[in-house]
Amino acid sequence: MRKICFYFQVHQPYRLRTYRFFDIGKKHDYFDDYANKKIMLKVAEKCYLPANRMLLELIHKYEGKFKICFSISGTLLDQLEAYHPEVLKSFQQLAATGCVEFLAETYSHSLSALRSEGEFEQQVQLHHDKIKSLFGYEPEIFRNTELIYSDLIGHRVYNMGYKGMLTEGAKHVLGWKSPNYLYYNVLEPKLKLLLKNFRLSDDIAFRFSQKSWNEWPLTTEKYVGWLNQIGEQDEIVNLFMDYETFGEHQWADTGIFNFMRALPDRILKHSNFEFVTPSEAIEKLQPIAGMSAPSPISWADEERDLTAWLGNDLQDDAFNALYSMKQMMDDCKDAQLQKDWLYLQTSDNFYYMCTKFFSDGDVHMYFNHYPTPYEAYINYMNVISDFRIRLTHSSLLAKPAILKKEKAPAKKARKKTSTP
């Protein structure tokens, strides 16, 4: 049978509070605890709790035939532990079914893979350990932030011990080839690649409630009909989307929960598809070819590139300012600085600075709480300025102890040689 792989990205950032120039050097609380808790509670009630209940019901109803996978960022897991343990418990209930796979990723949903190999590896290990501690599960498949992928990133992921990776089935990379097959990394053929079918994924994630869409309203009959129209030789359809699609991006009154609740039954009874997790897909299928992506791709916007986060002067300046402190951070032992460092790397901070106002402008505005990209940049850079002061001060405090250790052996050696 042909395969369907459902993957949901689950993420919330730690949003920055309004941090003014005059706060630099005086206030070190960067994050808006009130807003973060409020948004978390809202999304939990609208999406996470009802969607988790729905998926748990479907897994039990179909006795193992319905399977899904999640990639949950470390920043979200931290917020669930702090603000809503009930949601975390509901994810753990899903994990206990054996029908849910959890993927590895960067802890803070960061862009570290694009700048620092060391930071990238540290964050992936940190996230790996978090998933193991919360769900008793060791991830085998990797999903980078926003499905960002390149040949080199894939090679690094394989060297970290992962056997597969998810990314976008970008047209400018695939050309005439279909995303509905298993591929491999051209630098390391043992790393298997699952590619998003962006048309069928976005029909649910973005177009479901769009009344101007010529296929609205979307029904399970229509959707499964499209699946059945896919060529018989195609082996897998990867449906990748934000988990917040259910109840948050597409509100409950659009019928999105009813659609999802009815979809597995329609697929199992009226198609030759079966549900698989990414690990199962990699075990059951053979890759047909290598996929070469010399430059990074992502699942964002029409371009499927990095311009949602990097590329304009604001984003690049902020990104460079952040990672210019990487060497100092490697020597930093301050727990609060380490925590702030993680959260300041979250890709959302750079997404808010995006100046794309044309084809994808509405999408960017929906996810942005800043009035303008420039205000997002100024706020972030004020925080970075204060963070640099704290980090420099911490480094200076640590230096005397380091120097003392370095000098001690030399002093001892001179004592030994000063014999009469």
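Numbers below:
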quantity	calculated
Near pairs, Cβ below 8 angstrom, 6+ apart or cross-chain, from the range 123-146 (in contact (Cβ under 8 Å) with a residue 12 or more places away in the chain) to any residue that is hydroxyl-bearing (Ser, Thr, Tyr) and assigned to a helix (DSSP H, G or I)	Gln123/Ser112; Glu140/Ser279; Ile141/Ser279
Flag for Tyr48 being aromatic (Phe, Trp, Tyr), open to solvent by 40 Å² or more (accessible area, probe 1.4 Å) and within 22 Å of the chain's Cα centre (by Cα)	no
Output for the range 1-45, where each listed residue is over 18 Å from Ser90 (Cα atoms), in contact with a helix residue (DSSP H, G or I) (Cβ under 7 Å, 6 or more places away or on another chain) and buried (at least 19 other Cβ atoms within 10 Å of the Cβ)	Lys3, Ile4, Cys5, Pro13, Tyr14, Arg15, Leu16, Tyr19, Tyr30, Asn36
Count of residues meeting criterion [open to solvent by less than 10 Å² (accessible area, probe 1.4 Å) and either under 20 Å from Asp305 (Cα atoms) or in contact with an Asp or Glu (Cβ under 9 Å, 6 or more places away or on another chain) (or both)] in the range 181-204	10
Qualifying residue in the range 129-136 (condition: open to solvent by 40 Å² or more (accessible area, probe 1.4 Å), more than 22 Å from Leu263 (Cβ to Cβ) and at pLDDT below 95)	yes
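The values are calculated or read from the model by the stated rules, or taken from the named source; none is laboratory data. Since we're looking at a predicted model, the values are computed, not measured. FYI the Cβ positions are ideal-geometry reconstructions off the backbone, even for glycines, and counts take in every protein chain you see. To get the accessible areas, we keep the full protein, side chains included, count just its heavy atoms, and leave off ligands, DNA and RNA. Shrake-Rupley method; radii C 1.70, N 1.55, O 1.52, S 1.80 Å.
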